[in-house]
Amino acid sequence: MLSTVVFWIAAVLAVVGALGVVTTRNPVHTALSLVLTMLSLGVLFLLLHAEFLAVVEVLVYAGAVMVLFLFVVTLLMAGVKPPREEHRMRLAYQTLIAGLFGLILFVLVLHAMVGANWVSTLAGPGGGTFGSIASFGTALFTRYLLPFELTAVVLLVAVIGVVVLGREQE
Amino acid sequence: MVPIGYYLVLSAVLFVIGGVGVLSRRNPLQMFMSVELMWNAVNLTFVAFARQYLNMAGHIFVFLVITVAAAEVAIGLAIIVMVFRKREHVDVDDLSLMKG
Amino acid sequence: MLTVILVLVKGLITAVLLLAAFGLMTWVERKVLARFQFRPGPNRLGPAGVLQFMADGLKLVFKEEIIPTAADRVVYLLAPFISLTAAIVAFAVIPWGPPIHIFGQTVPMEIGGPNIGILFIFAITSLGVYGLILGGWASANKYSLLGGLRSTAQIISYELAMGLAVTGVLLAAGSADLNTIVAKQYHLWFIVPQILGFLIYLVTMVAETNRTPFDLPEAENELVAGYHTEYTGLKWAMYMMAEYINMITVSGLATTLFLGGWHGPWLPPELWFLIKVAAFMYFFIWLRATLPRLRYDRLMAFGWKVLLPVALLNTLATAVWVAVR
């Protein structure tokens, strides 16, 4: 019962954060709404017995990636003005069409989920080790070793790319 | 216990909200954050299914998504900073007006 | 249901104790610093000036609340709360004694988070960074913003080395659960095999809490006062609370990881925990009284070019040793 209450609170907060991401005008508020969504998702991960992932989500996503966003937003948006006038007309239609698309997409996704054949209740608890660091590490280093090494290469490429892009232009 | 369907519907809602955000935002940083929201929704789906079938593959995939997302954010922000440095208005539609 | 009540009670007791410890710490710091500098320190209010912190608290509560006009009000008011909340919540997984048996249940002396103990602390301290950067931005003041960004960059950089130093202990103990780590130190404290990790952790501990010699972002003659320049009264007090409680948390973590937690002969375990944490707090004050502060670029260079490679080497060596054993 407690898990149901926590689920609903976290789900509502996640949706509130998501709506904040798409509606707020100030980029810092957008970033904070996204952090709220990420924290709610962390709680939901904990409910789904994904303890290591919950911590990784908060540590890496909410704690590092969003801080990076905030760095750029606070440094770059210091003197930014609202969009110019000739863009106003396209802006109104743009939001409407986007909302329409969103509705269609939502209906399609719901149809895919409801029409599918899987069981609607969760499987058993899976013992104490599902989602723990040990089982995660075992899977990561035995069966999924190649993707792990490839992500190391991706990170290296990202670091090199950022260093090159951030250089002073001579 | 909460049935898995609830998690999937929540994930769909977040994904769609993120999609609407990507299409309707003009500030490149806010657009990027909407894309981040879509990734998070997908992560939730993965974790829900991993719990459903007790398969760690879902968790591994989320880990990879988070890692690649972090790398992409780093490079994306570097590009945005480079492109919009010293501008007064930050608007993605301006990119079509750039010369050279 | 009983578990929930126990968790709430433990949480409440911990929060109250932490805030009380904050009050005590301010007095202790002023007295000890004064002794280092051959002067008496606060000695007017109460015996040996102990009630000084109450007078300071009252003063801060009654101070005029000045909020800059151009400040973003919501974020401005939110930032100190984030810092304080993160500081208090991070203490949740630190066990301050062996499990006790009441109401027929074994109650571990930590609030929760069994499987992911250490990682939980890192996640929450990563969130604490938001208090700095948001406080710096919401003040609508260039110097605050720069100070906040500098503080944030410093904390993020030293978080890496801290995490790697702690990973050495994690490998040696084979578990991220702090109760298990304390239990494994029954015969030998981890400070002996992990001496390099301990030294790295000591340095990063000081950098993480923005204390001298790493307190350039909030030093008075640089950038005015960094991210808390525009904060007055109770909100500033919350930032200070967050800083001191962070100090207590990292000291508690150091005790648990390297100094054997609550192990110790013939005194009650909670008292041993207190003594060890107090030793680390004294170390913080000692550093403040003795060392000059590091310039910001030297600080960052040290964190990235010295600490990070050494921490990596430590982790590698520990991993090899654990694998071979």
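The values are calculated or read from the model by the stated rules, or taken from the named source; none is laboratory data. All figures in this text were calculated on a predicted structure; none of them were measured in a lab. All Cβ positions, even for glycine, are placed from backbone atoms using ideal geometry, and neighbour counts span all protein chains on display. The area values use the complete protein model at the heavy-atom level, side chains included, leaving out ligands, DNA and RNA. Shrake-Rupley method; radii C 1.70, N 1.55, O 1.52, S 1.80 Å.
If you average the alpha carbon positions of the stretch C:125-178 and of the stretch C:186-211, how far apart do those two centres end up, in angstrom?
Their Cα centres are 17 Å away from one another.
Based on the mean of other beta carbon atoms within 10 Å per residue, what is the order of B:63-73, A:145-155, most packed first? The partial results should precede the final answer.
On the way: B:63-73: 19.4, A:145-155: 13.1.
Most protected by this proxy first, the peptides run B:63-73, A:145-155.
Could you report chain C's accessible area per residue, 1.4 Å probe, as an integer in Å²? Can you show the working numbers first?
Numbers: 14890 Å² over 325 residues.
Normalised by residue count, the accessible surface of chain C is 46 Å².
For chain C, find the longest principal axis of its Cα atoms and tell me its angle to the long axis of helix C:308-324, 0 to 90°, nearest 10.
Compared with the principal axis, the helix lies near 10 degrees.
Heavy atoms only, 1.4 Å probe, whole protein assembly: order C:Thr167, C:Thr69 by accessible area, highest first.
Working: C:Thr167 45, C:Thr69 145 Å².
Greatest to least solvent exposure: C:Thr69, C:Thr167.
Would you check the accessible area of A:Trp8, probe 1.4 Å, heavy atoms only, in square angstrom rounded to 10?
That residue has around 130 Å² of solvent-accessible surface.
Considering only protein heavy atoms and a probe of 1.4 Å, how much of the accessible area of the protein assembly as shown is carbon and sulfur, as a whole percent?
Numbers: 20480 of 28070 Å².
The nonpolar share, carbon plus sulfur, comes to 73 percent.
Just to check, using Stokes-Einstein with a Kirkwood Rh over alpha carbon pairs, what's the diffusion coefficient of chain C at 37 °C and 0.692 mPa s in µm²/s? It would help to have the intermediate numbers written out before the result.
Numbers: Rh = 20.7 Å.
Roughly 159 µm²/s, to the nearest whole number.
In a Debye calculation with equal point scatterers on the alpha-carbon sites of the protein assembly as shown and no solvent, what is log10 I(q)/I(0) at q = 0.05, 0.06, 0.07, 0.08 Å⁻¹?
-0.23, -0.33, -0.45, -0.60
Using alpha carbon centroids, what distance separates the stretch A:60-76 and the stretch B:36-84, in Å?
If you average the Cα positions of each part, the centres end up 16 Å apart.
Mind putting together the pair-distance distribution for the stretch B:1-75? All Cα pairs, 5 Å bins, whole percent per bin, short to long.
For the stretch B:1-75, the pair-distance distribution reads 3, 17, 22, 21, 19, 10, 6, 2, 0.
Just list whichever of C:Lys59/C:Lys142; C:Lys63/C:Lys235; C:Lys59/C:Lys235; C:Lys31/C:Lys59 have alpha carbons separated by over 21 Å in the model shown. Mind dumping the intermediate values first?
Numbers: C:Lys59/C:Lys142 28 Å; C:Lys63/C:Lys235 10 Å; C:Lys59/C:Lys235 13 Å; C:Lys31/C:Lys59 19 Å.
Check vs 21 Å cut-off fails for C:Lys59/C:Lys142.
Can you give me the C-alpha center-to-center distance between the stretch C:226-290 and the stretch A:141-170, rounded to a whole angstrom?
After rounding, the separation between the Cα centres reads 37 Å.
Given the convex hull over the Cα atoms of the stretch C:179-311, what projected area results after averaging over all orientations, in nm²? Present the calculation step by step, with values, prior to reporting the outcome.
On the way: hull surface 39.0 nm².
Value for the stretch C:179-311: 9.8 nm².
Which shape class applies to the stretch C:241-325: rounded if a/c is under 1.5, otherwise prolate when a/b exceeds b/c and oblate if not, where a ≥ b ≥ c are the square roots of the Cα gyration tensor eigenvalues?
Working: a/c = 2.76, a/b = 1.11, b/c = 2.48.
Oblate, since a/c reaches 1.5 and b/c is not below a/b.
To the nearest hundred square angstrom, how large is the accessible surface buried between A and B, total for both chains, probe 1.4 angstrom? Intermediate values should be presented prior to the final figure.
Values: alone 13950 and 7460 Å², together 14100 Å².
Chains A and B together bury approximately 7300 Å².
Roughly how tilted is helix C:2-36, in degrees to the nearest 10 and between 0 and 90, from the longest Cα axis of chain C?
Value to nearest ten degrees: 60.
Total accessible area buried between chains C and A, 1.4 Å probe, in Å² to the nearest 100?
Working: alone 15850 and 13950 Å², together 27920 Å².
Using a 1.4 Å probe, the pair buries roughly 1900 Å².
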